[in-house]
Amino acid sequence: MEQEGPISHARAFVRVLPALLLVAGAFYDYFTPAQFSAAPLYAAAPLVAAPLYSRRATVLTGAATVLVVLVVHQLLGILLQVQAVAETVTVMTVAVLAVLINLLVRRSSERLATQREIAEAAQRAVLPGPAGRIGGFDVAVRYEAAQADALIGGDLYAVQDTPYGVRLIVGDVRGKGMGAVAAVVIVIGAFREAAEQESTLEAVAQRLERALAREGTRRDGVDALEGFTTAVLAELPHGAGVVRIVNRGHPPPLLLYGDGTLRALPARDTALPLGTNDLGTWPDRAEEHGFPGGATLLLYTDGLTEARDGQGRFYDPEARLAGRAFREPGALLAALVGEVRRHAGGFLADDMALLAVRRPS
């Protein structure tokens, strides 16, 4: 965030740079001996304009550059001399090339915009934003990509109201790229189906394990799924002030009480991530904790805790959130995202998925 001022000033300077180059070139040519040439300054003007300006503005910049060269040569009385003619031809050639570069840049920008629209549609399909209120709970989610143009990666979340209560999942697929996105699709699809059908949270976790194993045997080579997925599953039974949690190698959820007290909910029994059954099998055990009215449950991926500042210090959500109260989960997530980006100087090392659920008082 702090980078915005200098960056905006730099952009403003670069946009007026072609005009400054033309003025500097004209002064240089006019006030220096004839053997010195300002051709590099003239040539730079349309080249700088090409990736920044519209097609029309680039053409006008090129034409203005040629006109300035001709006027200066006329004033110096060297318009038809060999060196002056060579300089004019050089500038005209560069101006034409600048227009061609502008066309290529514009075409690439249009392609990028189309790809961004496709990515946004994919994100809405794979990770749709849940309703603000589900099963009597207030819900908020945020997905913050490490790269500004990458809208979806290996982090995932889902919320579903079921006959057994509101069930949640937040997870993180190892790796990046389309393999990670494919694993996200498998996990989300299996979770939504299992959450409706399975009577226990442990059974839901086992369905996810089988879904990943089944899909992993179907794919191979470059199309293979990523190796494992860390995940935390939670269940909020209707009419009971408790939360049940199954943690498969994921950062522990945080429970923020209405008075600002904060409590981490680490798993008593360590379990391996989803997709690692080939290393051994351990029975899933849901752990139950009190979840009173006014409290907020925060689930997150390690993009939150692995954000570093300039001195290499990690962001610590427990220390930062202790003693603070938020009236709604959306305000909690907005505060977290702002603080993490400031802590990391505006640049995240990893994607970050956040899910907060508040039980109304």
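A single entry from 315, 300 fulfils the requirement of being under 25 Å from residue 349 (Cα atoms), of a type in the set (Ser, Thr, Tyr) and modelled with pLDDT under 95: 315.
Only one of 284, 259 is among the charged types (D, E, K, R), modelled with pLDDT under 90 and either farther than 26 Å from residue 228 by Cβ or in contact with a helix residue (DSSP H, G or I) (Cβ under 8 Å, 6 or more places away or on another chain) (or both). Can you tell me which? Step through it out loud before you land on a result.
On the way: 259 fails: modelled with pLDDT under 90.
Going through 284, 259 in turn, just one is among the charged types (D, E, K, R), modelled with pLDDT under 90 and either farther than 26 Å from residue 228 by Cβ or in contact with a helix residue (DSSP H, G or I) (Cβ under 8 Å, 6 or more places away or on another chain) (or both): 284.
For region 317-361, the set of residues classified as in contact with a helix residue (DSSP H, G or I) (Cβ under 7 Å, 6 or more places away or on another chain), more than 19 Å from residue 155 (Cα to Cα) and assigned to a loop (DSSP other than H, G, I, E, B) consists of 326 only.
Within the set 217, 229, the sole residue that is modelled with pLDDT under 95 and either at positive phi or crowded, with 22+ Cβ neighbours inside 10 Å (or both) turns out to be 229. The residues on offer are 260, 239, 310, and the sole one that is of a type outside the set (Lys, Arg), assigned to a loop (DSSP other than H, G, I, E, B), under 23 Å from the mean Cα position of the chain (by Cα) and farther than 18 Å from residue 157 by Cβ is 310. Screening region 25-40 for residues that are part of a helix (DSSP H, G or I) and farther than 18 Å from residue 96 by Cβ and picking the one that is most open to solvent (accessible area, probe 1.4 Å) gives 31.
Only one of 338, 330 is surrounded by fewer than 21 Cβ atoms within 10 Å (Cβ to Cβ), under 15 Å from the mean Cα position of the chain (by Cα) and not hydrophobic (A, V, I, L, M, F, W, C); which? Explain how you work it out, then say what you get.
On the way: 330 fails: under 15 Å from the mean Cα position of the chain (by Cα).
The unique qualifying residue is 338.
Of all residue pairs spaced 6 or more apart or on separate chains, those with beta-carbon atoms under 8 Å, a first member in region 102-130 that is under 21 Å from residue 54 (Cβ atoms) and modelled with pLDDT of 80 or more and a second member that is part of a helix (DSSP H, G or I) and of a type outside the set (A, V, I, L, M, F, W, C) are 102/51; 102/55; 102/58; 103/55; 105/51; 106/55. Close Cβ contacts (under 6 Å, 6 or more residues apart or on different chains) running from residues in region 57-83 that are surrounded by 15 or more Cβ atoms within 10 Å (Cβ to Cβ) to residues that are of a type in the set (S, T, N, Q) and in a helix (DSSP H, G or I) comprise 58/102; 69/88.
Yes or no: region 10-17 includes at least one residue that is in a helix (DSSP H, G or I) and touching a residue at least 40 places away in the same chain (Cβ under 8 Å).
no
The values are calculated or read from the model by the stated rules, or taken from the named source; none is laboratory data. Keep in mind that what you see is a predicted model, and the values were worked out from it rather than measured. Don't worry about glycine lacking a Cβ; one is built from the backbone with ideal geometry, like all the others, and counts go over all protein chains shown. Just so you know, the surface numbers come from the protein's heavy atoms only, side chains and all, with ligands and any DNA or RNA stripped out. Shrake-Rupley method; radii C 1.70, N 1.55, O 1.52, S 1.80 Å.
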